[in-house]
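One structure below.
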Amino acid sequence: MLTENLESPDLDVALAAAVQLIEGVALQPMQLLSIADRLNGASRLADVAALYHCWLQKCQSSINYIIQFNLGVTLSNLGQLAGAESAYRAAIAQNPEFAQAWFNLGTLQERQLQPQDALATWQSMLDDKRVDAQESRELYLMVCNNLGRLLEQTRQLQAAEAILRISLEVDPAQPKVIQHWVHLRQKQCVWPVYQPPAGLTHGDLLKASSPLALLAGSDDPGLQLAAAVHFVRERVNVRVPALAPSQGYAHQKLRIGFLSSDFCLHAVSLLTVELFELIDRERFEVYGFCWSREDGSPLRERVKNAMDHFVRIVDMDDATAARCICAHEIDILIDLHGLTSGARADIPAYRPAPVQMTYLGFPGSTGLPGIDYVIADRYLIPDSVKPYFSETPLYLAQIYQCSDRQRPVAPLPTRDACGLPRNRFVFCSFNNNYKFNEEVFDCWMRILQRAPDSVLWLLADNAWAQANLCARAQRHGVDPARLLFAPRVAPPEYLARYSAADLFLDAYPFNAGTTANDALWMGLPVLTRSGRTFASRMAGSLLTALELPELITTTLAEYEERAVELATQGELLSGLRQRLQEGRASSPLFDTPRFVRDFEDAISSVALRAV
């Protein structure tokens, strides 16, 4: 009768029968797994865990390691992580070759914020040959890829790149792995970045690159647009219903919503905070929709205080977040994220506002069908490159980039305090190292050779990039000691550093954005090269607003010649410095109130208002 009850459609009857049979040591392992499967299907995880516990207390079986493993999965799903870890370890103790239990143990350790333990667990699976590329290929790749991902997150970049290369050599057809591998090489200045492993071509690497990586990897706007469209096709759910009314709303004040995870100590907030503060509250109501980290910074507090409404959406899924935005009847939603890391591109896909824009966060076309406009200026996106944007450019009258006039600056350091030589010409480039490439760096080395009384001051981004840059300098016959590396510091100290340099050398094709703004604000001339892409025209846009066209070049040869001239002809640079100081007081780049009025007028011109 008890055995018959196991098949009862009433799960409570079946569960009671199973427990009785366990007490009598009469339940077969397959019967246990069958009833557990039914309970799982009904989302009765607590009953599944209790059933497994009961079995393990009463029954001995050669497959108890499987029962322990299943208990671990169940407890993990219940959020009982300590119990899940004990169950996985018990499964491993009974069968040390049970690879899946080792893998899940590593996953659990990561969830418990023990990344080094997780890395050690997964690495042991490879070292002890518990998985291999032939017999357990799928799990082998999972181990390699999880190692690569977590090594990257913990800034162990070289090891991450190496393990992902192994993964790609086993299975080249892994676009997401290629994406991370390419960007890891960029971060370390491993050149050429696009050097394909066996089984892949240069085209395969380009096709799988993230839109962000291609901003630095190509100066072709068509290729950048293709990467964005490919990303959207692969990652964004565009077949969702539009939430906002197409005709708009009839609010007396336009409701502007800013969408970002960067409302914290981040470059986007460093630029935009005064914009939020100065928007005219007689015309607009300002919302911030945020999934940013709570970093406790004064900048985050300032951003929050600048919003009329600050809405946390971190615990909402994308659909719920979109419905939340729609419920606030936002007239214009401005996405400050685009396709950068941490983006939630599915939110604008639901069209929670009748008009949606992208601004500042991603310097290129997003390819997102839910985005109507990209906020720009006419230097940034000239008519000739408009066809390479899925969005319509919304041109501001003067300059696309906003500035914060209240950014705090630490006391200006001496050159000695910065570790710089007192009487030599100091070039600097505080861009993230992944923006560098061999063409530009080799040009910098030629500049140093032609201006022998000079040094190059760079950001100490990571040890591998630093070693690779020094080695390449050596190959060019430039003493690596002429490359000086500055550690990361807080924004006020970072800004003060600029006073110790003579000329900022911009990267290409991914120009400095916030970094160029900071250098110019501190009175340091920026030499840039402009191309055809948004990312390659950012610094040129700022210099145009400052009326300093002499600092904009369009070819590598012109860029090199201008740098050498400025380093060797002191009167040229001093004249530019004087004009920059004057421009700081009068230029639209740093006239934030004027910028805000232009911004307000531009977005108001495309707002939809229901009659």
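Couplings 3J(HN,Hα) for the range 400-412, derived from phi with the Karplus relation 6.51 cos²θ - 1.76 cosθ + 1.60 (θ = phi - 60°), are 7, 9, 8, 9, 10, 7, 9, 4, x, 10, 6, x, 5 Hz, where x marks Gly and Pro. Ordered from longest to shortest, the equivalent ellipsoid semi-axes for the chain are 52, 32, 21 Å, each the square root of 5 times a Cα gyration tensor eigenvalue.
The angle between the Cα long axis of helix 99-111 and the main principal axis of the chain comes to about 50°, on a 0 to 90 degree scale. Dipole magnitude for the chain: computed about the Cα centre from +1 point charges on Lys and Arg Cβ and -1 point charges on Asp and Glu Cβ, it is near 840 debye. The HN-Hα couplings worked out from phi for the range 595-607 by the Karplus form 6.51 cos²θ - 1.76 cosθ + 1.60 (θ = phi - 60°) are 4, 5, 5, 4, 4, 4, 5, 5, 6, 5, 5, 10, 5 Hz, whole numbers, x standing for Gly and Pro.
How big, on average over all directions, is the shadow cast by the Cα convex hull of the range 211-261, in nm²? So the Cα hull casts an average projection of 6.1 nm². Out of every Cα-Cα pair that the range 318-445 contains, those further apart than 25 angstrom amount to 49 percent. Distant-in-sequence amide contacts of residue 507, defined by a placed amide H-H separation under 5 Å and a gap of 5 or more residues or a different chain, comprise 512. For the range 521-575, the alpha-carbon radius of gyration amounts to 1.12 times the rule-of-thumb value 2.2 N^0.38 Å expected for a compact globular protein.
What number, rounded to the nearest 500 deg cm²/dmol, is the helix-based mean residue ellipticity at 222 nm of the chain, given -39500 (n - 2.57) per DSSP H run of at least four residues and division by all its residues?
-15000 deg cm²/dmol
Each of 132, 335, 461 has some number of other Cβ atoms within 10 Å of its Cβ, and from fewest to most they run 132, 461, 335.
Its convex hull of Cα atoms gives the range 96-211 a direction-averaged projected area, equal to a quarter of the hull surface, of 7.2 nm². Taking Cα atoms only, the orientation of helix 463-475 departs from the longest principal axis of the chain by about 50 degrees. Projected onto its three principal axes, the C-alpha set of the range 478-599 covers 50, 34, 30 Å, listed from the longest axis down. Amide H to amide H, with H built 1.01 Å from N, residue 392 comes under 5 Å of 373, 374, counting only residues 5 or more places away or on other chains.
Taking GluC sites (Glu not before Pro) as exposed when their DSSP state is a loop state and no more than 16 other Cβ atoms lie within 10 Å, the longest site-free interval of the chain runs over 295-546. With Cα atoms as the point set, the radius of gyration and Dmax of the range 254-395 evaluate to 14.5, 44 Å. With a ≥ b ≥ c the root eigenvalues of the C-alpha gyration tensor of the range 56-106, is it rounded (a/c under 1.5), prolate (a/b larger than b/c) or oblate? Oblate, since a/c reaches 1.5 and b/c is not below a/b.
Backbone amide hydrogens, once placed in the peptide plane, bring residue 484 within less than 5 Å of 456, 457, 458, excluding anything fewer than 5 places away on its chain.
Within the range 2-152, the proportion of C-alpha pairs whose separation exceeds 18 Å stands at 60%.
Values quoted throughout were computed directly from the atomic coordinates according to the rules given, and no laboratory measurement underlies them. The shown structure was predicted, so the numbers you read here are calculated from the model rather than taken from an experiment. For neighbour counting, all protein chains shown are included, and Cβ atoms are generated from backbone atoms with ideal geometry for every residue, glycine included.
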